[in-house]
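Novice: This is the structure, below, for whatever I ask next.
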């Protein structure tokens, strides 16, 4: 698996870099399939990653980005979470949603501070999504071998398990498990354009698992950990507010 290479000594600080190991695992926003122009869907891309402490213990950092597909547009919803704490006690937690509206296959879209924002700011797609939605990255299965295949299990159409055949350095996961589904074919998010195309299904979840190991420069043994990437379709939210927002902005920009 193609990973980030560095000549620096690997330390817990390197491991805590936000999503440093993830950027080689994912591709978001790939080829867009035509769907019913009146259909609207909302899908979450969720990520779970370990943040390590000097003593080799860690806590999980979770984040998500939503995309609303409607007509020939993708509306990205980013949640900015602000917290107020006194010592270790949470006093207040506020979630503020920001939005980026993009006509599919175009380079520029508009960034809005809320659904009430009428004007928005013109921004280039890759400059925003590379920071907020992990756009433009890809997954490579080089140096891995398939060791197990399961079909129609746990709600997934196909589950494939790979092991790292040649672990070049500590950034290479020991095991990769890929979960495929037929339920998400109509969304613009993808975790792997190549795998979606090869299997004629959607990669719904990827788990990159690292075995417990010692890392040079730290006397403590690091426990096993994993990075998890997943697509989840929202079947609860009322999507009419997004439909109105998109229609109003389309009409205004004609």
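Each reported figure results from applying straightforward, stated rules to the coordinates on display, with no laboratory input. Keep in mind that this is a model prediction, so the values were computed, not measured. Glycine also receives a Cβ, built like all others from the backbone with ideal geometry; neighbour counts cover every protein chain displayed.
Novice: Using 0.36 nm per residue of separation minus the Cα-Cα distance, give me the extension gain between residue 211 and residue 107 in nm, one decimal.
Specialist: 33.4 nm
Novice: Then there's this: Which FRET efficiency, nearest 0.05, do residue 185 and residue 114 yield, Cβ-Cβ r, R0 45 Å? Write down the numbers at each step before the final one.
Specialist: On the way: r = 31 Å, r/R0 = 0.69.
Taking R0 as 45 Å, the efficiency between residue 185 and residue 114 is 0.90.
Novice: What distance in nm lies between label points placed 7 Å from Cα along the C-beta direction at residue 224 and residue 148?
Specialist: 1.1 nm
Novice: Give me the number: length gained by fully extending residue 61 to residue 232, i.e. 0.36 nm times residue separation minus the C-alpha to C-alpha distance, one decimal in nm.
Specialist: Working it through step by step, the gained length comes to 59.8 nm.
Novice: Continuing with this model, one more query. Compare the peptides 68-76, 179-187, 100-108 by average per-residue count of other Cβ atoms within 10 angstrom and give them in order, highest first.
Specialist: Working: 68-76: 21.6, 179-187: 17.3, 100-108: 15.3.
Output ranking for 68-76, 179-187, 100-108: 68-76, 179-187, 100-108.
Novice: What full-extension length gain, to one decimal in nm, is calculated for residue 247 and residue 163 as 0.36 nm per residue of separation minus the Cα-Cα distance?
Specialist: Details: separation 84, 0.36 × 84 = 30.24 nm, distance 4.69 nm.
Length gained, residue 247 through residue 163: 25.6 nm.
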